[in-house]
Amino acid sequence: MAEEIEKSMPAEQSLMDKISEKIHHHDSSSDSEYEKPDSPSAVKAKIYRLFGREKPVHKVLGGGKPADVFLWRDKKLSAAVLGVATAIWVLFELVEYHLLSLLCHVSILALGGLFLWSNAHTFIKKSPPQIPEIHVPEEPFLLIASSLRNELNQGFVILRSIALGRDLKKFLMVVVGLWIISVVGNWCNFLTLVYICFVLLHTVPMMYEKHEDKVDPFAEKAFKELHKHYLVFDEKVVSKIPIASLKAKLG
């Protein structure tokens, strides 16, 4: 009898040890959940960023030299690029100079100067100009053409899906976008529009990078309000459009 009691004691003791161990583990895990604060990475992940971006502005703009120019990392180069763009806009828009005439006049001056220098270097006792042989590489043009082809195909796919009535939201966005472009086109010509976009690229990303902590909360509130208005519009207007019957008739 004593032996049976001694044999049963280790089993009971091991069972009690397991129960107490589970209770201790549960208490410690619950304490850690209440006491452990959010990590900085978790807090950072909760911060709203404009258009849902997860990368820095420099990476969003593609990185490299173009992003440095748009974000004014190299102030001299950015100012030079903006100055050249402004000079071109003034030349063509305000002075009303024509592109073909400009190219011809620049070519005449360049070729005339090189021709005179090549023939007069013996008289002025200077070495003739070293004009390198220029060969246009094939690979960059093929890459540009390939990427342009992919973008055009993607655009045609989207336009086809809109024309078939598959996505009402995209249809409304495209119509509103084209209408805005037509209104802006009445205000200015194409060259002025390109120049305005170029100036915006040189100012808006740089200002946003400096004040993104203030802009992002405001943008979050604005997008929430727009989403509320869109839900109301969807409930009162879009949901009442008989899309299914139209698709059945078209089909």
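In the stretch 105-251, what is the volume of the convex hull around the alpha carbon atoms, normalised per residue and reported in Å³?
250
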Practice task
State, in angstrom, two size descriptors of the stretch 53-157 derived from its alpha carbons: Rg to one decimal place and Dmax to the nearest whole number.
Solution key: 20.9, 65
Problem - Distance between modelled label sites at Ala120 and Leu102, nm, 7 Å Cα→Cβ extension - result: 2.8
Exercise for the section: Just grab the label-to-label distance for Lys75 and Val204, each label 7 Å out from Cα along the Cβ direction, in nm (one decimal). Expected result: 2.5
Completion exercise
Simple spin-label estimate for Leu178/Ile134, 7 Å along Cα→Cβ, in nm, reads 4.0
Problem - Separation between Cα centres of the stretch 208-228 and the stretch 111-139, rounded to whole Å - result: 56
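None of the figures in this text is laboratory data; all of them are computed from the coordinates on show. Nothing here was measured: the structure is a model prediction, and the numbers come from that model. We place every Cβ from the backbone using ideal geometry, glycine too, and count neighbours over all the protein chains shown.
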